[in-house]
Amino acid sequence: MQLQNQPAFGRLYKWLWGLCILGLVFTGFGQLPIYARYGLSTLPGLKWSADFYFTHALHEAFAFLFIALAVYAIVIWLFGRRPALSMSGLLRLAILAGIFATGIVRVLKNFHNIHFSPDTLLVADLGHLALAVVFLVTIAITAALSRPWLKTGYYGQ
Amino acid sequence: MSNISRRSFLKKAAASAGGLALAASAPRAVAASPKGAELATVLDIGRCIGCGACVDACRTINNFKFPRPEKPFPAMSPQDRVKVEDWSEKQNVDSRLTPYNWLFLQTVDVSYKGKDYLIHIPRRCMHCQNPPCANLCPFGAARKLENGITVIHPDICFGGAKCKAVCPWKIPQRQTGVGLYLKMMPRFAGNGVLFKCDRCFDRIDKGKLPACIEICPEQIQHIGPREAMLEKARAIAKDYDGFIYGDTENGGTNTFYVSPVPFEVLDRALKEQAQPGPHLASVKNSMAISENLGKALLLAPLAGALAAGASIAGKLKNSRD
């Protein structure tokens, strides 16, 4: 197929993905009452970081971007050359899938007419937070070791 | 001559009357709630005499749930921003919400349509239908039960007080020196546990009434399925051409106050007469933006698929060219 020789993910995609992850991490940790406690919100231009409603809305906006980018990658993969994921890529994908699944539960629980049991929500809440921390550790390690997502180079080639 | 205030006299008289009534009659059970239906309460504040029996009953019945802090409290960092909140030496305070007082009375003198009123308003958690405290708690400690009651689990709460920050009425109250944070990193994260009315969920589970409702000598409070209680509130309001608060506030709560005086008037009086605690102003749905963004999230896969489709189509076109 002709697509095999075309760049699948350009520079814009990588920038958007990076921005999305950064935004999700910052606004996600902003859901913990730590930015006011540790003075981050007192820094110039960052007062909004202690506004839970605002950071929550931003988090959902970044989640929109995250899902759109993920679906984009899946569709490109389905109609492209389908390169295999590396082990670290698989690991990151599995963690992101977990974050996505627990995040969806958290989004749904905010709807007026949807009710989950408190125990389900406890697992979703703590799981979302724990997986986010694991993801951050994982990307730090894979970046330090220069481990790519794919077995063969793919990004922007 | 002993100086007995009107309220303390009423309190004693009502407690005696209420106690006798309780002893003499079988406890009224909570009206059966259909599976999945939320329980709501109606408070006819036009008939509240301000005796405070509900406050006392709440404190007595829920005493076993009150915090028993360990002292000295661990140091918390940074010290200038993280303040100890200790109510353990002020457990007798019943004139405001505290971790040891989940229900209190506001009293206001108001005039409306040429008539004077002395209105007593029992205040506690409104038990919102879509509670921001439970939705936004990062640890799943604040939680809404299937029967519409919102509770804070004292063994899970970390004491960050986010629930209080997002509550339109600032209901939950923090006690330092208790809870899970003590077992983690008390210096760096957490600051106790938040406490608030749990609508005696444990008594309701046993088919009993919440303590405040059971003790009320005037029977101004009622509890039952939300729709039935809303009808009751409307009927009471119609009776004396009154007003309802709580049916639409914050997107709808499970507490309906019915008053012969408009709530804007009461809210203004609360401020003018420096009454502590929750307001009675109109409250927009705190979770509305989140609900709308949640709906928008459902369109995200479509946006991604369309972008990918356009990208593929463009590349195919370029390949052909």
Identity of the residue in the stretch A:79-108, over 25 Å from A:L32 (Cβ atoms) and facing chain B (nearest Cβ under 9 Å), that ends up surrounded by the most Cβ atoms within 10 Å (Cβ to Cβ): A:G80
Can you pull out the residues in the stretch A:37-53 that are hydrophobic (A, V, I, L, M, F, W, C) and assigned to a helix (DSSP H, G or I)? A:L40, A:W48, A:A50, A:F52
Return yes or no: is B:V166 away from chain A (no Cβ under 13 Å) and at pLDDT 95 or above? no
Among the residues of the stretch B:256-307, count how many are of a type outside the set (S, T, N, Q), within 8 Å of another protein chain (Cβ to nearest Cβ) and under 23 Å from B:K196 (Cα atoms). 1
Does the stretch B:21-71 hold any residues that are within 30 Å of A:Y35 (Cβ to Cβ) and either among the polar types (S, T, N, Q) or modelled with pLDDT under 95 (or both), and which are they? B:E70, B:K71
Going by the structure shown, is B:S319 of a type in the set (S, T, Y), facing another protein chain (nearest Cβ under 9 Å) and under 27 Å from A:T55 (Cα atoms)? no
Kindly evaluate B:V82 against the criterion of being among the β-branched types (V, I, T), part of a loop (DSSP other than H, G, I, E, B) and free of Cβ contacts under 8 Å to residues at least 40 places away in the same chain. no
Taking the stretch B:271-309, which residues are more than 22 Å from A:I104 (Cβ to Cβ), at pLDDT 95 or above and of a type in the set (A, V, I, L, M, F, W, C)? B:L280, B:A281, B:V283
The lone condition A:F79 fails out of (1) modelled with pLDDT of 95 or more; (2) under 22 Å from B:A310 (Cα atoms); (3) not charged (D, E, K, R) is (1)
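Look through B:E70, B:E89 and report the one residue that is acidic (D, E) and part of a loop (DSSP other than H, G, I, E, B). Show your work before the answer.
On the way: B:E89 fails: part of a loop (DSSP other than H, G, I, E, B).
Checking each option against the conditions leaves just B:E70.
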Working only within the stretch B:283-301, note down all residues that are in a helix (DSSP H, G or I) and touching a helix residue (DSSP H, G or I) at 6+ places or on another chain (Cβ under 8 Å). B:A288, B:I289, B:S290, B:L293, B:G294, B:A296, B:L297, B:A300, B:P301
Based on what the data block shows, is B:T150 modelled with pLDDT of 95 or more, over 18 Å from A:L129 (Cβ atoms), more than 10 Å from chain A (Cβ to nearest Cβ) and within 15 Å of the chain's Cα centre (by Cα)? yes
Could you look through the stretch B:122-147, keep only residues that are more than 9 Å from chain A (Cβ to nearest Cβ) and either assigned to a loop (DSSP other than H, G, I, E, B) or over 14 Å from the mean Cα position of the chain (by Cα) (or both), and pick out the one that is surrounded by the fewest Cβ atoms within 10 Å (Cβ to Cβ)? B:N147
Could you grab me the full set of residues in the stretch A:109-124 that are more than 7 Å from chain B (Cβ to nearest Cβ) and either within 21 Å of the chain's Cα centre (by Cα) or not small (G, A, S) (or both)? A:N113, A:I114, A:F116, A:D119, A:T120, A:V123, A:A124
A:A61 vs. criteria closer than 21 Å to A:W15 by Cβ, at the interface with chain B (Cβ under 10 Å from one of its Cβ atoms), touching a Leu at 6+ places or on another chain (Cβ under 9 Å) and part of a helix (DSSP H, G or I): yes
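The values are calculated or read from the model by the stated rules, or taken from the named source; none is laboratory data. The structure displayed is predicted, hence computed values, not measured ones. Don't worry about glycine lacking a Cβ; one is built from the backbone with ideal geometry, like all the others, and counts go over all protein chains shown.
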